[in-house]
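In what follows, a single structure is set out as structure tokens and then discussed.
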Amino acid sequence: MLRVVKERDPFYLQPAWKKLRLAVLRRDRYICQECKAKCLGKKKNGISPQVDHIIPRKECPERAMDISNLRVLCHPCHSKRTILDTMAKAKPEIGLDGYPLESA
């Protein structure tokens, strides 16, 4: 079986991010802010906590390290949000006339 290895974003390897991530996990008490599941990791209950950027880094890089822009999500909720965000970006904006707006 072929396994695809995704290259790690260097942003998430920074000591400052790791410290902030831990602060968010503690603030949210390792509880998913969507479904309220307790996320203690693979060794405890199998649900891995993800620290999610509410406004994605690509859209607002200046808020990448803003603790008020971060929340804990369980892996399933984070995956669902990622898919929904991707689908929303793929849909063209529709004008008042009912036709897609032309992109600049």
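The values are calculated or read from the model by the stated rules, or taken from the named source; none is laboratory data. Note that the coordinates shown come from a computational prediction; the quantities given were computed from them, not determined experimentally. Glycine also receives a Cβ, built like all others from the backbone with ideal geometry; neighbour counts cover every protein chain displayed. Keep in mind that these areas ignore ligands, DNA and RNA; they rest on the heavy atoms of the full protein, side chains included. Shrake-Rupley method; radii C 1.70, N 1.55, O 1.52, S 1.80 Å.
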With r defined as the distance between the Cβ atoms of GLN33 and LEU101 and R0 fixed at 41 Å, what FRET efficiency is calculated, to the nearest 0.05? 0.80
Among the lysines, which have Cα under 26 Å from the Cα of LYS43 when same-chain residues fewer than 8 positions away are ignored? LYS6, LYS18, LYS19, LYS80
Net charge near GLN14, counting Lys/Arg +1 and Asp/Glu -1 over other residues with Cβ under 12 Å of its Cβ? +3
Counting Lys and Arg as +1 and Asp and Glu as -1 over every other residue whose Cβ sits under 15 Å from the Cβ of PRO100, the net charge comes to -1
With a cut-off of 8 Å between alpha carbons and a minimum separation of six or more residues, what is the relative contact order of the chain in percent? 21 percent
For LYS91, the aspartates and glutamates lying under 20 Å Cα to Cα, once residues fewer than eight places off in the same chain are dropped, come out as GLU59, GLU102
Hey, can you find the accessible area per residue of the chain for me, probe 1.4 Å, expressed in square angstrom? 81 Å²
Which value in nm describes the separation of the simple spin-label points at ARG26 and TYR12, placed 7 Å from the Cα toward the beta carbon? 2.2 nm
Which of the trypsin sites (Lys or Arg not before Pro) across segment 35-104 are loop residues per DSSP, with 12 or fewer other Cβ within 10 Å? LYS36, LYS42, LYS43, LYS44, LYS58
So between GLU62 and GLU93, what do we pick up on full extension, going 0.36 nm a residue minus the alpha carbon distance? 8.6 nm
Whenever you get a sec, compute what percent of the accessible area on the chain sits on carbon and sulfur atoms (1.4 Å probe). 58 percent
Quick one, can you get me the convex hull of the C-alpha atoms of segment 10-67 expressed as volume per residue in Å³? 95 Å³
Compute a Gaussian network model of the chain, connecting alpha carbons closer than 10 Å, and tell me which residue from GLN33, GLN50, GLN14 fluctuates the most. GLN14
Scattering curve values for the chain, log₁₀ I(q)/I(0), Debye with Cα scatterers, q = 0.16, 0.21, 0.23 Å⁻¹: -0.84, -1.19, -1.32
